[in-house]
Amino acid sequence: MWADLDGNPDGQVNIAAEVLDRHVRRGRGDHLALRWLGRRGERVELTYAQLRDESARFAAVLSSLGAERGDRVFALSTRVPELYVGALGTLRAGAVFSPLFSAFGPQPIVQRMTIGSGRFLITTAALFRRKVAALLDELPELEHVLVVGDVGDARHERVRIHDLRALMDAAEAGGEPVPTDAEDLALLHFTSGTTGTPKGAMHVHSAVAMHLHSARQALDLGPDDVFWCTADPGWVTGTSYGIIGPLAVGATMIVDAAEFDAERWYRILTDEAVTVWYTAPTAIRMLMRIGDDPIGASDLSAVRFVASVGEPLNPEAVVWGRDHLGLTIHDNWWQTETGAIMIANRAGAEVKPGSMGRPNDGIEAGILRRDDRG
(Lines give C-alpha, C1' and ligand atoms only; values in the text may rest on other atoms or scores of the structure.)
Protein backbone atom coordinates (compact mmCIF):
# COMPACT_ATOMS: atom_id res chain seq x y z
CA MET A 1 0.00 0.00 0.00
CA TRP A 2 2.90 2.35 0.78
CA ALA A 3 5.22 1.25 -2.01
CA ASP A 4 4.41 4.16 -4.34
CA LEU A 5 4.31 6.85 -1.65
CA ASP A 6 7.19 8.92 -0.36
CA GLY A 7 6.00 9.03 3.24
CA ASN A 8 6.57 6.52 6.00
CA PRO A 9 3.67 5.10 8.03
CA ASP A 10 5.98 4.97 11.05
CA GLY A 11 7.40 8.44 10.48
CA GLN A 12 6.47 11.48 8.43
CA VAL A 13 3.90 11.82 5.67
CA ASN A 14 1.92 14.80 4.38
CA ILE A 15 -1.15 14.31 2.19
CA ALA A 16 -0.49 17.41 0.07
CA ALA A 17 3.09 16.31 -0.60
CA GLU A 18 1.92 12.86 -1.68
CA VAL A 19 -0.81 14.05 -4.05
CA LEU A 20 1.10 16.97 -5.61
CA ASP A 21 4.85 17.25 -4.94
CA ARG A 22 5.42 13.52 -5.43
CA HIS A 23 4.08 13.68 -8.98
CA VAL A 24 6.06 16.82 -9.80
CA ARG A 25 9.28 15.22 -8.56
CA ARG A 26 8.58 12.18 -10.72
CA GLY A 27 8.24 14.19 -13.91
CA ARG A 28 4.44 14.56 -14.12
CA GLY A 29 4.22 18.22 -13.19
CA ASP A 30 2.80 19.12 -16.60
CA HIS A 31 0.03 16.53 -16.38
CA LEU A 32 -3.42 18.07 -15.94
CA ALA A 33 -4.61 17.70 -12.35
CA LEU A 34 -7.87 19.64 -12.32
CA ARG A 35 -10.25 20.97 -14.93
CA TRP A 36 -12.98 23.21 -13.49
CA LEU A 37 -16.16 23.84 -15.46
CA GLY A 38 -18.09 26.98 -14.58
CA ARG A 39 -21.83 27.40 -14.83
CA ARG A 40 -21.55 29.74 -17.82
CA GLY A 41 -18.92 27.91 -19.81
CA GLU A 42 -15.85 29.15 -17.93
CA ARG A 43 -12.91 26.76 -17.67
CA VAL A 44 -9.91 26.70 -15.35
CA GLU A 45 -7.17 24.14 -15.79
CA LEU A 46 -4.36 23.46 -13.35
CA THR A 47 -1.48 21.05 -13.89
CA TYR A 48 0.05 19.20 -10.96
CA ALA A 49 2.85 21.77 -10.81
CA GLN A 50 0.41 24.69 -10.93
CA LEU A 51 -1.84 23.17 -8.28
CA ARG A 52 1.21 22.58 -6.10
CA ASP A 53 2.24 26.22 -6.49
CA GLU A 54 -1.26 27.54 -5.77
CA SER A 55 -1.58 25.36 -2.69
CA ALA A 56 1.85 26.55 -1.54
CA ARG A 57 0.63 30.15 -1.85
CA PHE A 58 -2.40 29.30 0.25
CA ALA A 59 -0.18 27.65 2.86
CA ALA A 60 1.94 30.82 2.90
CA VAL A 61 -1.21 32.88 3.44
CA LEU A 62 -2.15 30.76 6.43
CA SER A 63 1.36 31.10 7.83
CA SER A 64 1.27 34.89 7.41
CA LEU A 65 -1.95 34.94 9.45
CA GLY A 66 -0.35 32.98 12.27
CA ALA A 67 -1.67 29.50 11.51
CA GLU A 68 0.02 26.68 13.38
CA ARG A 69 0.11 22.93 12.96
CA GLY A 70 -3.19 21.44 13.99
CA ASP A 71 -5.26 24.60 13.53
CA ARG A 72 -8.71 23.92 12.07
CA VAL A 73 -9.48 25.49 8.70
CA PHE A 74 -13.15 25.17 7.78
CA ALA A 75 -14.56 25.66 4.29
CA LEU A 76 -18.10 26.77 3.48
CA SER A 77 -17.95 27.13 -0.27
CA THR A 78 -19.46 26.19 -3.56
CA ARG A 79 -17.28 24.18 -5.96
CA VAL A 80 -14.85 26.91 -6.98
CA PRO A 81 -11.14 26.28 -7.73
CA GLU A 82 -10.12 28.08 -4.53
CA LEU A 83 -11.91 25.44 -2.46
CA TYR A 84 -9.61 22.73 -3.84
CA VAL A 85 -6.53 24.92 -3.55
CA GLY A 86 -7.52 25.78 0.02
CA ALA A 87 -8.00 22.16 1.02
CA LEU A 88 -4.58 21.15 -0.28
CA GLY A 89 -2.91 24.30 1.02
CA THR A 90 -4.33 23.66 4.48
CA LEU A 91 -2.88 20.15 4.52
CA ARG A 92 0.39 21.48 3.16
CA ALA A 93 0.56 23.94 6.07
CA GLY A 94 0.10 21.16 8.60
CA ALA A 95 -3.34 22.47 9.52
CA VAL A 96 -6.59 20.48 9.57
CA PHE A 97 -9.13 20.78 6.76
CA SER A 98 -12.82 20.54 7.67
CA PRO A 99 -15.40 20.99 4.89
CA LEU A 100 -18.98 22.19 5.37
CA PHE A 101 -21.83 21.66 2.90
CA SER A 102 -22.65 25.00 1.30
CA ALA A 103 -26.41 24.43 1.73
CA PHE A 104 -26.13 24.21 5.53
CA GLY A 105 -28.19 26.61 7.59
CA PRO A 106 -26.95 28.57 10.62
CA GLN A 107 -27.26 25.84 13.26
CA PRO A 108 -25.29 23.13 11.40
CA ILE A 109 -22.54 25.64 10.62
CA VAL A 110 -22.23 26.91 14.19
CA GLN A 111 -22.46 23.38 15.63
CA ARG A 112 -19.63 22.01 13.55
CA MET A 113 -17.33 25.00 13.79
CA THR A 114 -17.81 25.11 17.55
CA ILE A 115 -17.15 21.41 18.01
CA GLY A 116 -14.13 21.66 15.70
CA SER A 117 -12.71 24.87 17.21
CA GLY A 118 -12.55 26.57 13.83
CA ARG A 119 -9.98 29.35 13.72
CA PHE A 120 -10.06 29.95 9.94
CA LEU A 121 -12.91 29.85 7.43
CA ILE A 122 -12.79 29.78 3.62
CA THR A 123 -15.98 30.98 1.95
CA THR A 124 -17.31 32.81 -1.08
CA ALA A 125 -18.56 36.39 -1.16
CA ALA A 126 -22.15 35.24 -1.76
CA LEU A 127 -22.10 32.77 1.15
CA PHE A 128 -20.39 35.31 3.39
CA ARG A 129 -23.18 37.81 2.83
CA ARG A 130 -26.01 35.26 3.04
CA LYS A 131 -24.78 33.11 5.93
CA VAL A 132 -21.45 33.88 7.53
CA ALA A 133 -21.71 37.60 8.37
CA ALA A 134 -24.66 37.02 10.69
CA LEU A 135 -22.87 34.17 12.53
CA LEU A 136 -19.55 35.80 13.43
CA ASP A 137 -20.61 36.69 16.98
CA GLU A 138 -21.61 33.05 17.58
CA LEU A 139 -18.14 31.75 16.67
CA PRO A 140 -15.78 33.04 19.39
CA GLU A 141 -12.81 30.94 18.24
CA LEU A 142 -13.00 32.14 14.63
CA GLU A 143 -10.26 34.67 13.86
CA HIS A 144 -9.96 34.89 10.06
CA VAL A 145 -12.41 34.61 7.16
CA LEU A 146 -10.80 34.15 3.74
CA VAL A 147 -13.29 35.26 1.10
CA VAL A 148 -13.34 34.30 -2.57
CA GLY A 149 -14.76 37.38 -4.29
CA ASP A 150 -15.55 40.94 -3.29
CA VAL A 151 -17.24 41.71 0.02
CA GLY A 152 -16.46 45.43 -0.14
CA ASP A 153 -15.57 47.00 3.19
CA ALA A 154 -17.03 44.21 5.35
CA ARG A 155 -15.61 44.46 8.87
CA HIS A 156 -16.04 42.91 12.27
CA GLU A 157 -14.64 44.11 15.57
CA ARG A 158 -13.02 40.76 16.33
CA VAL A 159 -12.87 38.62 13.19
CA ARG A 160 -10.59 39.72 10.35
CA ILE A 161 -12.16 39.46 6.89
CA HIS A 162 -9.73 39.03 3.98
CA ASP A 163 -9.82 39.09 0.20
CA LEU A 164 -8.29 35.67 -0.46
CA ARG A 165 -7.20 36.47 -4.03
CA ALA A 166 -5.30 39.55 -2.88
CA LEU A 167 -3.49 37.55 -0.19
CA MET A 168 -2.70 34.77 -2.66
CA ASP A 169 -1.30 37.19 -5.23
CA ALA A 170 1.04 38.63 -2.61
CA ALA A 171 2.21 35.24 -1.34
CA GLU A 172 5.23 33.25 -2.48
CA ALA A 173 4.69 30.04 -4.45
CA GLY A 174 7.72 28.27 -2.98
CA GLY A 175 8.09 26.47 0.29
CA GLU A 176 8.05 22.81 1.20
CA PRO A 177 5.10 21.16 2.94
CA VAL A 178 5.19 21.33 6.71
CA PRO A 179 6.61 18.03 8.02
CA THR A 180 3.73 16.11 9.59
CA ASP A 181 3.74 12.78 11.33
CA ALA A 182 1.72 9.92 9.94
CA GLU A 183 -0.69 10.12 12.88
CA ASP A 184 -1.11 13.91 12.82
CA LEU A 185 -4.70 15.00 12.30
CA ALA A 186 -5.35 16.07 8.69
CA LEU A 187 -9.09 15.93 8.01
CA LEU A 188 -12.07 16.57 10.25
CA HIS A 189 -15.36 15.39 8.76
CA PHE A 190 -18.72 15.53 10.45
CA THR A 191 -21.56 13.03 10.34
CA SER A 192 -24.90 14.23 9.02
CA GLY A 193 -26.39 14.89 12.44
CA THR A 194 -29.66 13.15 11.56
CA THR A 195 -29.52 11.08 14.76
CA GLY A 196 -28.43 13.90 17.07
CA THR A 197 -25.46 16.19 17.47
CA PRO A 198 -23.06 15.72 14.53
CA LYS A 199 -19.94 13.80 15.42
CA GLY A 200 -16.47 14.66 14.21
CA ALA A 201 -14.60 11.90 12.40
CA MET A 202 -10.85 12.44 12.58
CA HIS A 203 -8.54 11.24 9.81
CA VAL A 204 -4.77 11.45 9.85
CA HIS A 205 -2.16 12.08 7.15
CA SER A 206 -1.37 8.38 6.74
CA ALA A 207 -4.96 7.93 5.48
CA VAL A 208 -3.60 8.94 2.07
CA ALA A 209 -2.36 5.36 1.65
CA MET A 210 -5.91 4.05 1.86
CA HIS A 211 -7.17 6.82 -0.42
CA LEU A 212 -4.64 5.74 -3.04
CA HIS A 213 -5.19 2.02 -2.55
CA SER A 214 -9.00 2.22 -2.68
CA ALA A 215 -9.05 4.60 -5.65
CA ARG A 216 -7.08 2.02 -7.60
CA GLN A 217 -8.88 -1.07 -6.36
CA ALA A 218 -12.50 0.08 -5.93
CA LEU A 219 -12.64 2.74 -8.67
CA ASP A 220 -10.11 1.21 -11.08
CA LEU A 221 -8.37 4.58 -11.34
CA GLY A 222 -5.03 5.03 -13.09
CA PRO A 223 -2.82 8.04 -13.89
CA ASP A 224 -4.16 8.39 -17.44
CA ASP A 225 -7.82 8.47 -16.44
CA VAL A 226 -10.16 11.44 -16.60
CA PHE A 227 -12.17 11.15 -13.41
CA TRP A 228 -15.40 12.84 -12.42
CA CYS A 229 -16.70 12.57 -8.87
CA THR A 230 -20.03 14.39 -8.71
CA ALA A 231 -20.01 14.62 -4.90
CA ASP A 232 -19.62 17.99 -3.19
CA PRO A 233 -16.46 18.33 -1.02
CA GLY A 234 -18.79 19.42 1.79
CA TRP A 235 -19.24 15.69 2.37
CA VAL A 236 -16.57 13.04 2.84
CA THR A 237 -16.96 11.51 -0.64
CA GLY A 238 -16.20 14.84 -2.28
CA THR A 239 -12.98 15.16 -0.27
CA SER A 240 -11.72 11.56 -0.24
CA TYR A 241 -12.54 10.92 -3.92
CA GLY A 242 -13.22 14.42 -5.21
CA ILE A 243 -9.74 15.59 -4.17
CA ILE A 244 -7.31 13.20 -2.47
CA GLY A 245 -7.84 9.79 -4.10
CA PRO A 246 -7.64 10.82 -7.77
CA LEU A 247 -4.72 13.17 -7.14
CA ALA A 248 -2.87 10.46 -5.23
CA VAL A 249 -3.26 8.24 -8.29
CA GLY A 250 -2.15 11.06 -10.61
CA ALA A 251 -5.38 11.24 -12.64
CA THR A 252 -7.13 14.30 -14.11
CA MET A 253 -10.12 15.48 -12.06
CA ILE A 254 -13.21 17.10 -13.52
CA VAL A 255 -15.00 19.58 -11.23
CA ASP A 256 -18.40 20.92 -12.24
CA ALA A 257 -19.61 24.09 -10.53
CA ALA A 258 -23.24 23.59 -11.55
CA GLU A 259 -25.95 21.59 -9.84
CA PHE A 260 -27.58 18.50 -11.33
CA ASP A 261 -28.80 18.84 -14.90
CA ALA A 262 -29.15 15.68 -16.97
CA GLU A 263 -28.27 17.21 -20.32
CA ARG A 264 -25.26 19.01 -18.82
CA TRP A 265 -24.05 15.80 -17.15
CA TYR A 266 -24.23 13.79 -20.36
CA ARG A 267 -22.49 16.65 -22.18
CA ILE A 268 -19.66 16.67 -19.62
CA LEU A 269 -19.21 12.91 -19.95
CA THR A 270 -19.04 13.35 -23.72
CA ASP A 271 -17.02 16.55 -24.11
CA GLU A 272 -14.48 15.86 -21.35
CA ALA A 273 -14.04 12.20 -22.40
CA VAL A 274 -14.56 11.06 -18.81
CA THR A 275 -13.27 7.52 -18.31
CA VAL A 276 -14.23 6.88 -14.67
CA TRP A 277 -17.43 8.33 -13.21
CA TYR A 278 -18.31 8.23 -9.49
CA THR A 279 -21.79 9.38 -8.56
CA ALA A 280 -24.74 8.65 -6.25
CA PRO A 281 -27.89 6.50 -6.39
CA THR A 282 -30.12 9.58 -6.14
CA ALA A 283 -28.51 11.07 -9.25
CA ILE A 284 -28.77 7.77 -11.13
CA ARG A 285 -32.47 7.49 -10.30
CA MET A 286 -33.03 11.05 -11.55
CA LEU A 287 -31.34 10.12 -14.82
CA MET A 288 -33.56 7.06 -15.03
CA ARG A 289 -36.72 9.17 -14.65
CA ILE A 290 -35.66 11.67 -17.33
CA GLY A 291 -35.48 8.98 -19.99
CA ASP A 292 -33.25 8.22 -22.94
CA ASP A 293 -33.42 11.43 -25.01
CA PRO A 294 -30.27 13.02 -23.49
CA ILE A 295 -28.42 9.71 -23.80
CA GLY A 296 -29.14 9.55 -27.52
CA ALA A 297 -27.33 12.83 -28.09
CA SER A 298 -24.29 11.70 -26.09
CA ASP A 299 -21.13 9.78 -26.78
CA LEU A 300 -20.25 7.73 -23.71
CA SER A 301 -17.65 5.63 -25.48
CA ALA A 302 -14.83 6.97 -23.29
CA VAL A 303 -16.53 5.92 -20.05
CA ARG A 304 -15.25 2.52 -18.97
CA PHE A 305 -16.13 2.39 -15.26
CA VAL A 306 -19.08 3.77 -13.27
CA ALA A 307 -19.37 3.59 -9.48
CA SER A 308 -21.96 4.71 -6.99
CA VAL A 309 -22.05 5.47 -3.26
CA GLY A 310 -24.15 7.29 -0.68
CA GLU A 311 -26.95 4.81 -0.05
CA PRO A 312 -27.76 1.32 -1.33
CA LEU A 313 -27.96 1.19 -5.11
CA ASN A 314 -31.24 -0.48 -6.00
CA PRO A 315 -31.06 -3.45 -8.41
CA GLU A 316 -33.20 -1.63 -10.99
CA ALA A 317 -30.52 1.04 -11.32
CA VAL A 318 -27.84 -1.55 -12.12
CA VAL A 319 -30.07 -3.11 -14.76
CA TRP A 320 -30.89 0.33 -16.20
CA GLY A 321 -27.18 1.13 -16.47
CA ARG A 322 -26.54 -2.02 -18.46
CA ASP A 323 -29.57 -1.55 -20.70
CA HIS A 324 -29.43 2.21 -21.31
CA LEU A 325 -25.81 3.27 -20.74
CA GLY A 326 -24.19 0.04 -21.80
CA LEU A 327 -22.30 0.17 -18.50
CA THR A 328 -22.49 -1.74 -15.23
CA ILE A 329 -22.81 0.58 -12.23
CA HIS A 330 -20.59 -0.67 -9.40
CA ASP A 331 -21.94 0.00 -5.92
CA ASN A 332 -19.60 0.34 -2.96
CA TRP A 333 -19.84 0.99 0.77
CA TRP A 334 -18.03 3.08 3.33
CA GLN A 335 -18.78 5.77 5.92
CA THR A 336 -17.63 9.16 7.14
CA GLU A 337 -15.94 7.30 9.97
CA THR A 338 -13.88 5.04 7.68
CA GLY A 339 -12.79 7.86 5.38
CA ALA A 340 -12.26 5.50 2.43
CA ILE A 341 -14.06 2.73 0.54
CA MET A 342 -14.23 -0.54 2.48
CA ILE A 343 -16.41 -2.81 0.32
CA ALA A 344 -16.83 -2.57 -3.44
CA ASN A 345 -17.85 -4.21 -6.68
CA ARG A 346 -14.51 -4.13 -8.46
CA ALA A 347 -13.78 -3.93 -12.15
CA GLY A 348 -13.88 -7.33 -13.81
CA ALA A 349 -15.84 -9.01 -11.02
CA GLU A 350 -19.38 -10.24 -11.43
CA VAL A 351 -21.83 -7.62 -10.18
CA LYS A 352 -25.04 -8.89 -8.64
CA PRO A 353 -27.68 -6.14 -8.77
CA GLY A 354 -28.39 -4.99 -5.24
CA SER A 355 -25.01 -6.11 -3.87
CA MET A 356 -22.36 -3.70 -2.63
CA GLY A 357 -19.56 -6.15 -3.43
CA ARG A 358 -16.70 -7.63 -1.47
CA PRO A 359 -14.21 -6.18 1.04
CA ASN A 360 -11.15 -4.46 -0.39
CA ASP A 361 -7.77 -6.02 0.27
CA GLY A 362 -6.82 -5.56 3.89
CA ILE A 363 -10.42 -5.12 5.05
CA GLU A 364 -12.31 -7.71 7.09
CA ALA A 365 -16.10 -7.42 7.00
CA GLY A 366 -18.46 -9.07 9.44
CA ILE A 367 -22.13 -9.13 10.33
CA LEU A 368 -23.10 -8.53 13.94
CA ARG A 369 -26.37 -9.92 15.28
CA ARG A 370 -27.94 -8.27 18.28
CA ASP A 371 -29.94 -10.47 20.63
CA ASP A 372 -31.41 -10.10 24.11
CA ARG A 373 -27.89 -10.10 25.55
CA GLY A 374 -26.95 -6.86 23.76
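The values are calculated or read from the model by the stated rules, or taken from the named source; none is laboratory data. Here the structure is a predicted model, which means the values were calculated and not measured. As a convention, Cβ positions derive from the backbone with ideal geometry for all residues, glycine included, and neighbour counts pool all protein chains shown. In case anyone asks, the SASA skips ligands and DNA or RNA and just uses the protein heavy atoms, side chains included. Shrake-Rupley method; radii C 1.70, N 1.55, O 1.52, S 1.80 Å.
Just for region 295-329: of the residues that are outside any helix (DSSP H, G or I) and acidic (Asp, Glu), which one is farthest from Val274 (Cα to Cα)? Checked region 295-329; the qualifying residue farthest from Val274 (Cα to Cα) is Glu311.
Rundown of residues vs (1) farther than 21 Å from Asp232 by Cα; (2) assigned to a helix (DSSP H, G or I), yes/no style:
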| position | (1), (2) |
| --- | --- |
| Met113 | no, yes |
| Ala134 | yes, yes |
| Glu141 | yes, no |
| His156 | yes, no |
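Condition check for Leu100 on (1) of a type outside the set (Phe, Trp, Tyr); (2) in contact with a Pro (Cβ under 9 Å, 6 or more places away or on another chain); (3) closer than 20 Å to Leu65 by Cβ; (4) open to solvent by 10 Å² or more (accessible area, probe 1.4 Å): one failure, at (4). When the helices (runs of 4 or more DSSP H) confined to region 216-271 are screened for residues that are open to solvent by 10 Å² or more (accessible area, probe 1.4 Å) and farther than 15 Å from Ala33 by Cα, those reaching at least 2 such residues are found at 236-239, 262-271.
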